[in-house]
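Following: one structure in structure tokens, then a few remarks.
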Amino acid sequence: MLQPPDVSLTPLLPVLIILAGAVSSTLLGFWVSRRVLTFINLGAVTLSALSLGLLWNRAASAFGGSLQADNAALLLAFVILAGTLMTLLVTLDTAWRARVSFPEFDAMLMYAVTGCLLIAFSGDLIVLLIGLEIMSLSGYVLATLQGSRRAEESGLKYFLLGAAGSAVLIYGIAFVYGATGSLNYAAIAEKTSVLNPENTAILVGGALLMLCGFAFKVALAPFHQWTPDVYGGAPTSVSLFLSTVVKVAAFAGMLRVFSGALENAPGWHSVLAVLIAATLIVGNLAALRQLNFKRMLAYSAVAHTGFLAMALLGTPQAGGAALTYYLLVYTLMTAAALASVAALQRGEEGMSIPDLRGLYYRHPAYAVALAVCLASLAGLPPFAGFFGKYLVFQAAFQNGYEWLSILAALTSVAALVYYLRPAMLLFMPDRTPAREYGLGQRTPTTLTVALGVVGVTALGLLPNIWYSWVANPAIWTLLVGR
């Protein structure tokens with residue numbers, strides 16, 4: 001007897017609301033201004049975030065488990081939407097200066113967010129791949145929309161390396177399917193726990209290929225080469241989006257795959273540990289040499305990729321909670337720092353670190369906010385970056401990766417140099433003629449910076465505001481619906 005198809009749109013509600021915003025931007029751009037579309041999309045993001053509450057604790061699914069609106073997906077989706085909200089606020093001020101103030105920009109942004117949410121809600125490898133491709137293709141377009149030579153070069157590099165990463169990822173998915181006979185996360189997890197030894201080599205190959213594909217997306221060394229050029233060449237608002245929302249979505253996919261479906265697969269843990277070690281060393285050492293503040297933040301994002309990935313080496317319960325907590329903290333402090341750059345820079349290439357000298361005496365609020373962001377990025381208490389690093393260090397350490405935790409602690413000390421150097425310059429008297437900053441109209445950008453500063457301060461002083469939501473072991477035990 002034929003079973004009716006498992007079609008339920010309720011688990012898709014947050015995704016559909018964002019998709020509606022993307023379609024609206026595509027169609028209404030012929031009649032309304034881009035600024036109006038941005039406010040419409042801000043409303044769509046807010047409604048999508050509110051709809052997450054309707055799905056909490058319902059463990060809803062659709063299409064035979066291909067879409068999972070479990071609590072893990074909802075928490076990750078909230079972080080994605082928080083980063084999207086901050087990005088849209090910044091674009092209200094900076095899109096005109098970056099020469100991307102047209103409806104196509106908002107449409108591509110919202111399509112990218114749709115793909116990001118699909119990744120978080122994915123229940124099998126096909127939906128994951130669809131989400132990744134929607135997110136990636138939209139990201140390639142966003143990186144080149146400015147029309148400048150720098151943006152076109154960065155976008156082309158992003159496209160070529162991203163396409164290679166996608167090809168490797170797809171090849172890995174094929175290997176995993178060949179080894180397990182399934183694309184569903186829960187079925188893969190069940191079969192890898194009692195895998196036929198003859199299929200072990202195929203499974204290991206598939207897991208490593210998928211790891212390399214994801215390494216391109218999140219910028220793990222040595223697959224990080226595109227990051228500084230793309231973040232530096234793209235408009236700052238796009239850099240903000242790529243370094244927060246896109247990275248959160250890619251880590252959501254890695255959490256689904258490696259802490260869920262392939263948790264019991266052999267081989268990938270030790271390779272990931274080596275990639276993390278290389279990322280921590282390369283990211284932090286490269287950041288030390290940067291004179292451009294925006295490019296320094298790009299290498300800082302590479303280094304933080306290493307810290308975030310450490311959570312994947314922990315148990316699903318400890319690692320899932322640590323990663324989700326740190327992703328929100330990372331989004332808030334990185335978005336606020338780049339929003340400050342967007343407000344202060346004279347051009348989209350960013351500004352040099354010496355230009356920050358004496359900022360406190362001209363724009364004290366921005367100087368204090370930027371100092372808070374840098375302190376949190378460095379992992380200094382009482383800001384949330386400290387607790388986030390502590391959680392991921394603890395997750396890796398307790399699961400037997402003591403050497404990696406020690407290396408991460410040492411590189412964190414080295415990172416103090418390139419974070420505190422600009423932080424100190426902010427408050428040092430400047431004897432040169434008054435510097436000019438491109439401030440213009442900045443109320444939405446100021447709101448973005450304020451959200452980030454208040455968030456990292458509140459989450460540092462009262463971490464349970466967010467950690468109490470993510471620390472429930474049941475959320476991560478049922479990560480793949482087992």
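The values are calculated or read from the model by the stated rules, or taken from the named source; none is laboratory data. Worth saying up front: this structure is predicted, and the values here are computed from it rather than measured. Backbone-built Cβ (ideal geometry, glycine too); neighbour counts: all protein chains shown. Please note that ligands, DNA and RNA were not included when accessible areas were found on the heavy atoms of the full protein model with its side chains. Shrake-Rupley method; radii C 1.70, N 1.55, O 1.52, S 1.80 Å.
To the nearest µm²/s, what D does Stokes-Einstein give for the range 138-247 at 4 °C and 1.567 mPa s, using the Kirkwood radius over alpha carbon pairs as Rh? Spell out each step's value before the answer.
On the way: Rh = 15.2 Å.
Estimated diffusion coefficient is 85 µm²/s.
As a test of reading the structure, rank 326, 401, 360 by solvent-accessible area (1.4 Å probe, protein chains only), most first.
From most exposed to least exposed: 360, 401, 326.
Going by accessible area, probe 1.4 Å, with all protein chains left in place, what is the ranking of 19, 462, 211, largest first?
If we order 19, 462, 211 from most to least accessible, we get 462, 19, 211.
Quick one: Cα convex hull volume of the range 374-435, Å³ per residue? Walk me through the numbers before you get to the answer.
Details: hull volume 4.8 nm³, N = 62.
Cα convex hull per residue, to the nearest whole number: 77 Å³.
Nearest 0.05, what FRET efficiency do residue 126 and residue 365 give at R0 = 56 Å with Cβ-Cβ as r? Provide the component values of the computation, followed by the final result.
Details: r = 48 Å, r/R0 = 0.85.
E between residue 126 and residue 365, to the nearest 0.05, is 0.75.
Å³ per residue of the Cα convex hull, for the range 1-152?
116
I'd like the distance between the alpha-carbon centres of the range 199-221 and the range 52-125, rounded to an integer number of Å.
25
Starting from the Kirkwood radius over alpha-carbon pairs of the range 199-243, derive D by Stokes-Einstein at 4 °C in a medium of 1.567 mPa s and give it in µm² s⁻¹.
Reported coefficient: 109 µm²/s.
Rounded to the nearest 0.05, what FRET efficiency do residue 292 and residue 96 have when you use their Cβ-Cβ distance and R0 = 35 Å?
In this case the efficiency is close to 0.95.
Per DSSP H run of at least 4 residues, take -39500 (n - 2.57); add these up for the chain, divide by its residues and hand me the 222 nm value, nearest 500 deg cm²/dmol.
Mean residue ellipticity at 222 nm (helix-derived): -23500 deg cm²/dmol.
Could you put 443, 26 in order of accessible surface area, largest first, with the 1.4 Å probe and the full protein assembly present? Numbers along the way, then the final one.
Working: 443 110, 26 60 Å².
Most to least solvent-accessible, the answer reads 443, 26.
Can you pull the accessible area of residue 442 for me, 1.4 Å probe, Å² to the nearest 10?
Using a 1.4 Å probe on the heavy atoms, I get roughly 100 Å².
Counting heavy atoms of the protein chains only and a 1.4 Å probe, report the per residue accessible area for the range 214-326 as a whole number of Å². Walk me through the numbers on the way to the answer.
On the way: 2060 Å² over 113 residues.
That works out to 18 Å² for each residue.
Would you mind telling me the share, in percent, of accessible area of the chain contributed by carbon and sulfur at probe 1.4 angstrom? Each step should come with its number before you reach the end.
On the way: 12010 of 17340 Å².
The nonpolar share, carbon plus sulfur, comes to 69 percent.
Hey, how much of the P(r) for the range 218-268 falls beyond 17 Å, as a percent of Cα pairs?
48
Considering the values (i) 67, 49, 44; (ii) 78, 57, 42; (iii) 71, 45, 42, which represents Cα extents along the principal axes in Å as calculated for the structure under consideration?
Here the calculated entry is (ii).
The range 76-170: Rg/Rh from Cα coordinates, Kirkwood Rh?
Reported Rg/Rh (Cα atoms, Kirkwood Rh): 1.00.
Rg and Dmax in Å for the range 1-89, alpha carbons only: what are they?
When restricted to the Cα atoms of the range 1-89, Rg and Dmax are 15.2, 53 Å.
Could you please tell me the mean projected area of the C-alpha convex hull for the range 311-422, averaged over all directions and given in square nanometres to one decimal? Walk me through the numbers before you get to the answer.
Numbers: hull surface 29.9 nm².
Projected area, direction-averaged: 7.5 nm².
Could you state how much accessible area residue 457 has, in square angstrom rounded to the nearest 10, with a 1.4 Å probe and all protein chains kept in place?
Accessible surface of residue 457 is approximately 40 Å².
Applying a 10 Å radius around every beta-carbon, put 376-382, 170-176 in order of their mean neighbour count, most first.
The most tightly packed comes first, giving 376-382, 170-176.
Taking a spot 7 Å from the Cα of residue 443 along the direction of its beta carbon, which residues of the range 232-276 have an amide N less than 13 Å from it?
No residue qualifies, since no backbone N sits under 13 Å from the label point.
Once you have the Kirkwood Rh of the range 171-320 from its Cα pairs, apply Stokes-Einstein at 20 °C and 1.002 mPa s and quote D in µm²/s.
My calculation gives 134 µm²/s for D.
Give the angle, between 0 and 90 degrees and rounded to the nearest 10, that separates the Cα long axis of helix 402-425 from the longest principal axis of the Cα atoms of the chain.
20
What figure, in Å² to the nearest 10, do you get for the accessible area of residue 217 with a 1.4 Å probe and non-protein molecules left out?
20
State the extension gain, in nm to one decimal, for the chain segment bounded by residue 406 and residue 23, taking 0.36 nm per residue of separation less the distance between their alpha-carbons. Spell out each step's value before the answer.
On the way: separation 383, 0.36 × 383 = 137.88 nm, distance 4.81 nm.
Once the chain is fully extended between residue 406 and residue 23, it gains 133.1 nm.
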